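To start, the structure itself, in structure tokens.
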Amino acid sequence: MNGITQACFGLSYLCALAFEVAAIARPRRSLRVLGLVFGAAGLFAQTSFLAMNPPSPATAVGSLLLLAWVLALFYFFGAMHHKRQAWAIFVLPVVLGLVGLSLLMVNDTNSVSIPNWLHSERLWGAIHGLLLLLAAVGISVSFLASVMYLVQARRLRKKRSPLGGLHLLNLERLEAMSRRAINLAVPLLTAGLLL
């Protein structure tokens, strides 16, 4: 378990995305199941990585990895709950982008067993980082819901059949999801910036 790297779960998410795209192109239950298996493997590997190397939300790499983990949870549980909707092709590219960015950044603090941000003099910095991280999650969820809204609205304007191809939530649910995420993110961002 000690050999888990960011590339391990990044490649798992990439395989999950490939299987999900293939399942949309050629609807097969086996492709969808393989996508979920690779998504679960990536989520397990990332959770193990974060448990063994607790990142600081005050660092760029730590906040990128934590945001990617929360969005991966959002993808996995959304894909399990809404089995017919195409969550993966919207959420997994964002997760892959965040993991890729974290791979490009140098991280000197991951080798510390007890994170520095738990000490009392850095507590406010940790709270600041956590509030900004939660605000980033809300903004990311709102972004994803907005992209899904635009795709669904375009499909409805062009009068494409909802029975074939890409399955998405209805416009009202996507708009509510985006509004709620922004309504939660703005106070968190404001509090994080004030700290």
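The values are calculated or read from the model by the stated rules, or taken from the named source; none is laboratory data. Keep in mind the model is a prediction, meaning the values are calculated, not measured. So basically every Cβ, Gly included, is an ideal-geometry build from the backbone, and we count neighbours across all protein chains shown. Accessible surface is based on the protein model in full, side chains and every heavy atom, while ligands, DNA and RNA are left aside. Shrake-Rupley method; radii C 1.70, N 1.55, O 1.52, S 1.80 Å.
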Original post:
Is there any pair with a first residue in the stretch 53-76 that is at pLDDT 85 or above and among the β-branched types (Val, Ile, Thr) and a second that is open to solvent by 10 Å² or more (accessible area, probe 1.4 Å) and part of a helix (DSSP H, G or I) whose Cβ atoms are under 6 Å apart and which are 6 or more apart or on different chains, and what are they?
Top reply: VAL70/VAL137
Subject >> Residues within the stretch 97-107 that are open to solvent by 40 Å² or more (accessible area, probe 1.4 Å) and assigned to a helix (DSSP H, G or I), tallied >> reply: 3
Original post:
In the stretch 63-91, which residue that is crowded, with 24+ Cβ neighbours inside 10 Å and touching a Gly at 6+ places or on another chain (Cβ under 8 Å) is nearest to LEU168 (Cα to Cα)?
Top reply: TRP87
Subject >> Within the stretch 55-79, tally of residues that are outside any helix (DSSP H, G or I) and hydroxyl-bearing (Ser, Thr, Tyr) >> reply: 2
Original post:
Out of curiosity, is VAL33 in contact (Cβ under 8 Å) with a residue 60 or more places away in the chain and surrounded by fewer than 22 Cβ atoms within 10 Å (Cβ to Cβ)?
Top reply: no
Original post:
Which residues, taken from the stretch 1-18, are buried (at least 19 other Cβ atoms within 10 Å of the Cβ) and touching a Phe, Trp or Tyr at 6+ places or on another chain (Cβ under 6 Å)?
Top reply: SER12, ALA16
